[in-house]
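Below is one structure, written out as structure tokens; comments come after it.
The values are calculated or read from the model by the stated rules, or taken from the named source; none is laboratory data. Predicted, not measured: the structure shown is a model, and the values here were computed from it. Glycine also receives a Cβ, built like all others from the backbone with ideal geometry; neighbour counts cover every protein chain displayed. Heavy atoms of the whole protein, side chains included, go into the accessibility calculation; ligands, DNA and RNA do not. Shrake-Rupley method; radii C 1.70, N 1.55, O 1.52, S 1.80 Å.
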Amino acid sequence: MSFYTSLTGLNSATKQLSVTSNNIANVGTTAFKRSRVDFGDIFSTSALQKSSSLVGQGVLTKAVSQEFTQGNISTSGSALDMSITGDGFFPMKTADGTGEIYSRNGSFMLNELNQVVNSQGARLQAAAVDSAGKADTGNMGILTIPSRTIGDAEKTTQMDLALNLPADAKVITATFDKNDPTT
């Protein structure tokens, strides 16, 4: 029986190393969520045995679970890359259009039809928005970026700016001049 007990420990340690190796191998993968192994004790008892005299009979792997905690968010330099803060997933249609998948990987690009897709060709879905600005999640469609916008670009004439300046900074009293950085 002691051989079996030792063997269960070796099998569980192997499973733990496998999960740890997978976590390390994917440390640089965008939106990867690490896994962890949950273990449990094995007890073998009979109705006539006192619970105070029980000795464990080994260990078993109860589950390998994903940890969906928030990871680090970093800039990528691509205008289509997005991230999710908190809970949620990007809803997508598979490349062949037959299934729906969900991912936290926000690395996107445009395909030849100007649809927002991931590296496997799955197309990002977006909710339709009504005139009041409310999203209709029951009406999801493939997000397509038009190749041209309608209308002419206009320069900005007015803007609101809110910022927080250091309390110990020197007060500037000169009139603002866009060509003079000291103002």
Handout entry: Mean separation of Cα contacts under 8 Å, 6 or more apart, over the residue count of the chain: relative contact order %
Key = 13 percent
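Largest first, what is the accessible-area ranking of D38, D160 with a 1.4 Å probe?
Details: D38 45, D160 155 Å².
So the residues, ranked largest to smallest area, are D160, D38.
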Practice task
Using +1 at the Cβ of each Lys and Arg and -1 at the Cβ of each Asp and Glu in the chain, identify which of N114, A31, A167 lies farthest towards the dipole's positive end.
Solution key: A31
Problem - Calculated on alpha-carbon atoms, Rg and Dmax of the chain in Å - result: 28.2, 93
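How much of the accessible area of the chain, probe 1.4 Å, is carbon plus sulfur, in whole percent? Intermediate values should be presented prior to the final figure.
Details: 7830 of 14540 Å².
The computed percentage sits at 54.
Take the cross-link list K93/K155; K15/K93; K134/K178; K134/K155 and give me the ones stretching past 31 Å between alpha-carbons. Each step should come with its number before you reach the end.
Working: K93/K155 38 Å; K15/K93 33 Å; K134/K178 40 Å; K134/K155 29 Å.
Where the Cα-Cα span goes over 31 Å, the pairs concerned are K93/K155; K15/K93; K134/K178.
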Handout entry: Phi to ³J(HN,Hα) by Karplus 6.51 cos²θ - 1.76 cosθ + 1.60 over the range 174-179, Hz, x for Gly, Pro
Key = 6, 5, 5, 9, 4, 8
Practice task
Give me the distance between the Cα centres of the range 143-169 and the range 1-45, rounded to whole Å.
Solution key: 51 Å
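How would you rank 128-134, 148-154, 76-82, highest first, on the average number of other Cβ atoms within 10 Å across their residues?
Ranking, from highest mean packing down: 76-82, 128-134, 148-154.
Taking a 1.4 Å probe, which of V116, V171, V64 shows the most accessible area, and what order do the others take after it? Numbers along the way, then the final one.
On the way: V116 0, V171 115, V64 75 Å².
The most accessible residue leads, giving V171, V64, V116.
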Handout entry: Solvent-accessible area per residue, Å², over the range 46-183 with all protein chains present [probe radius 1.4 Å]
Key = 82 Å²
Exercise for the section: Tabulate in residue order the Karplus-calculated ³J(HN,Hα) for the range 69-86, using 6.51 cos²θ - 1.76 cosθ + 1.60 with θ = phi - 60°, rounded to whole Hz; enter x for Gly and Pro. Expected result: 6, 5, x, 6, 10, 9, 7, 10, x, 9, 5, 9, 6, 9, 9, 10, 9, x
